[in-house]
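S.K.: There's a structure below that I have some questions on.
The values are calculated or read from the model by the stated rules, or taken from the named source; none is laboratory data. This is a predicted model, so every value here is computed, not measured. Heads up, the Cβs are rebuilt from the backbone with ideal geometry, glycines too, and the neighbour counts pull from every protein chain shown.
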Amino acid sequence: MAESQIEYNYSALARTARQAERYAHTCRAVLSSQRIPHREVIIRDASEFGLGGRGAMLVPGELLRVFAEKIGDFEAVVKWARGDSFGLQVDRPVDLTLLDAGKSDYQIVLPDALPSPALDESLVQTARLLQTAFLANKA
């Protein structure tokens with residue numbers, strides 16, 4: 001029997017399923033509704049009108065109040081739920097620039113001299129590679 005030569009572009013299908021591009025970012029939030037008086041969750045990604053998260057067993061169609069660290073308060077409706085993961089549609093645009101505003105500014109500092117013979121040269125090389133990668137991603 002001949003195999004089917006049909007090719008599916010699943011990434012194109014996935015893109016059309018979402019209304020907006022999502023940005024991966026983690027922040028804490030508190031959800032509340034008539035059913036859930038107070039539940040702490042983690043928001044894992046955001047788009048202009050949506051939040052994806054984990055940490056609560058929600059019901060599609062449920063109306064929520066979202067108090068999200070860094071990005072503010074929203075009214076939301078649960079669009080999908082699977083286990084303790086969920087997707088929310090919020091009532092107003094999410095200011096995505098606020099997600100990066102709270103990031104701590106840290107740096108990798110290399111020692112000028114080796115503090116002890118126990119610090120191997122390979123560790124210094126690894127630290128230099130990490131520093132280079134960090135600075136390249138920061139730009």
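S.K.: Across the stretch 1-44, what is the total count of residues that are modelled with pLDDT under 90 and part of a strand (DSSP E or B)?
M.R.: Qualifying residue count for the region: 5.
S.K.: Take the residues in the stretch 83-94 that are closer than 13 Å to MET57 by Cα and either under 17 Å from the mean Cα position of the chain (by Cα) or among the polar types (S, T, N, Q) (or both), then tell me which one is surrounded by the most Cβ atoms within 10 Å (Cβ to Cβ).
M.R.: Out of the qualifying residues, it is LEU88.
S.K.: Going through the stretch 32-57 one residue at a time, which ones are closer than 23 Å to GLU21 by Cβ and touching a Leu at 6+ places or on another chain (Cβ under 9 Å)?
M.R.: VAL41, ILE43, ARG44, ASP45, ALA46, SER47, GLU48, GLY50, LEU51, GLY52, GLY53 - these are the residues of the stretch 32-57 that are closer than 23 Å to GLU21 by Cβ and touching a Leu at 6+ places or on another chain (Cβ under 9 Å).
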